[in-house]
Amino acid sequence: MAEWFDESRLDDGEALARADATLRSLAEAGSRVRREAVAAADAVDTAVALTRDDRPRAVIAAGPDSRLLRAVLEPACPVPFVAWPNPGLPGWTGPLDVVVVLAPDGGDAGSAGAVAEAVRRGCQVVVACPPDSLVAEHAVGRHTTVLPTTSRDQLATAVVMLQLLARVDLGPHADPEEVATALDDVAVSCSPHRDLAVNPAKMVAIALADATPLCWGGSVLAARAARRVSEAVRRASGRTTVAGDAEHLLPLVAAARPHDVFSDPFADDDDADPADRRPMLLVLDDGAEDPAVTEQRGRLTAEADERGVRVELLTCDTGSELARYASLLGQGRYAAAYLALGLGRLGR
């Protein structure tokens with residue numbers, strides 16, 4: 001039987017109480033960033049003191065969580081930067097290079113293998129992971145630093161690593177307090193105690209309820225946020241979601257079937273084909289003013305208007321690029337949580 005989205009659950013006290021664990025975790029995202037930054041401060045200072053005076057030949061971000069570091073560092077790193085989410089390391093990696101690894105839960109065997117290989121090759125290695133984890137056990141060497149983390153939060157762990165790289169002039173300025181404040185602002189604006197009329201995440205959840213989401217972000221970090229939001233919506237609803245570049249999404253928007261103004265939205269839909277859901281374009285806007293981004297967004301929204309496809313926005317245009325990424329990601333995760341709640345999949 002098809003799941004029926006009941007928007008009244010989004011303002012229902014009992015339903016929200018059942019979803020408290022998920023919503024509370026989202027609300028505490030800012031505090032996790034602050035806790036990790038404080039806990040790792042001494043290790044960051046030690047790593048800065050041990051950094052070699054000359055710049056490395058390259059920075060390699062290894063492990064499955066390397067893509068976020070690539071989105072932040074690739075445009076700004078003064079030396080060649082490589083993200084390597086595959087097992088092991090590039091064949092040319094050696095003592096002249098820095099290998100950085102994010103391992104929020106510390107139990108990933110691939111990350112542990114990459115760390116062990118980097119130590120064996122004599123690289124300077126920096127790992128952000130729980131201190132008693134599998135990855136930490138492999139991070140033992142003369143030129144190895146472990147930044148201790150405990151929250152198992154990817155963003156909080158990444159902020160700690162980015163803070164270190166900024167201090168050794170290998171990345172842009174990263175302010176944990178700014179990122180935490182951006183997440184706190186999201187927690188206020190998307191709070192379960194704010195009703196539908198003034199809650200952007202609940203409004204997006206309603207739009208997602210009977211649609212196939214197409215998630216798009218123009219800048220590098222907004223595109224990364226779009227992919228993470230797409231993953232969150234997929235987990236929350238069990239439905240197909242798509243995130244991609246404008247060129248990938250335009251054909252899907254153009255192929256949208258015409259909207260039937262005479263269709264009964266309350267008809268029994270148990271036997272409906274999920275493929276019949278119309279697409280909905282979810283734009284994550286971080287205020288990027290690049291002409292290419294503006295042009296791509298214009299093409300997407302124009303095609304959506306022509307095909308009668310609904311367009312929803314998640315926006316943040318203040319603060320650093322990392323803070324804006326955190327805000328967009330937080331808003332999208334709240335929307336996914338409210339979608340799960342409305343479908344009866346959360347707290348049951």
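Restricting the range 181-206 to residues that are at pLDDT 95 or above and among the small types (G, A, S), the residue that is surrounded by the most Cβ atoms within 10 Å (Cβ to Cβ) is A205. Out of curiosity, is R152 surrounded by fewer than 17 Cβ atoms within 10 Å (Cβ to Cβ), of a type in the set (K, R) and closer than 19 Å to R32 by Cβ? Taking the combined requirement at face value, the residue satisfies it.
Screening the range 300-335 for residues that are under 11 Å from the mean Cα position of the chain (by Cα) and among the polar types (S, T, N, Q) and picking the one that is farthest from P213 (Cα to Cα) gives S327.
Any residue in the range 216-236 that is of a type in the set (S, T, Y), at pLDDT below 95 and surrounded by 21 or more Cβ atoms within 10 Å (Cβ to Cβ)? Yes, there is a match, as at least one residue in the range 216-236 is of a type in the set (S, T, Y), at pLDDT below 95 and surrounded by 21 or more Cβ atoms within 10 Å (Cβ to Cβ).
Of the residues in the range 156-168, at least one is farther than 23 Å from P90 by Cβ and either without any contact (Cβ under 8 Å) to a residue 40 or more places away in the chain or touching a Phe, Trp or Tyr at 6+ places or on another chain (Cβ under 7 Å) (or both).
Just checking, which of L343, L339, L313, L322 is closer than 16 Å to A180 by Cα and not β-branched (V, I, T)?
On the way: L343 fails: closer than 16 Å to A180 by Cα; L339 fails: closer than 16 Å to A180 by Cα; L313 fails: closer than 16 Å to A180 by Cα.
The unique qualifying residue is L322.
Going by the conditions given, is G171 modelled with pLDDT under 95, touching a Cys at 6+ places or on another chain (Cβ under 7 Å) and open to solvent by 10 Å² or more (accessible area, probe 1.4 Å)? Answer is yes for this residue.
With the checklist (1) surrounded by fewer than 17 Cβ atoms within 10 Å (Cβ to Cβ); (2) in a helix (DSSP H, G or I) in hand, flag the one item R345 doesn't pass. Going through (1) surrounded by fewer than 17 Cβ atoms within 10 Å (Cβ to Cβ); (2) in a helix (DSSP H, G or I) one by one, R345 breaks only (2).
Test A112 against the stated conditions and say whether it is within 16 Å of the chain's Cα centre (by Cα), crowded, with 23+ Cβ neighbours inside 10 Å and among the small types (G, A, S). Reasoning before the result, please.
Values: within 16 Å of the chain's Cα centre (by Cα): no; crowded, with 23+ Cβ neighbours inside 10 Å: yes; among the small types (G, A, S): yes.
Spelling it out, it is not the case that A112 is within 16 Å of the chain's Cα centre (by Cα), crowded, with 23+ Cβ neighbours inside 10 Å and among the small types (G, A, S).
Comparison of V82, V72, V44, V33 shows that the only residue that is within 16 Å of T145 (Cα to Cα), out of contact with any Cys (no Cβ under 7 Å at 6 or more places or on another chain) and among the β-branched types (V, I, T) is V44.
Among residues belonging to the range 270-306 that are part of a loop (DSSP other than H, G, I, E, B) and either β-branched (V, I, T) or open to solvent by less than 90 Å² (accessible area, probe 1.4 Å) (or both), point out the one that is modelled with the lowest pLDDT.
First, the residues of the range 270-306 that are part of a loop (DSSP other than H, G, I, E, B): 270-273, 277, 286-290.
Now restrict to residues that are either β-branched (V, I, T) or open to solvent by less than 90 Å² (accessible area, probe 1.4 Å) (or both): 270, 272-273, 277, 286-288, 290.
Details: D270: 44, A272: 49, D273: 55, R277: 83, D286: 94, G287: 92, A288: 89, D290: 91.
The residue in question is D270.
The values are calculated or read from the model by the stated rules, or taken from the named source; none is laboratory data. Values in this document were obtained by computation on a predicted structure and should not be read as measured data. Methodologically, a virtual Cβ is constructed for each residue, glycine included, from the backbone with ideal geometry; neighbour enumeration extends over all protein chains shown. In case anyone asks, the SASA skips ligands and DNA or RNA and just uses the protein heavy atoms, side chains included. Shrake-Rupley method; radii C 1.70, N 1.55, O 1.52, S 1.80 Å.
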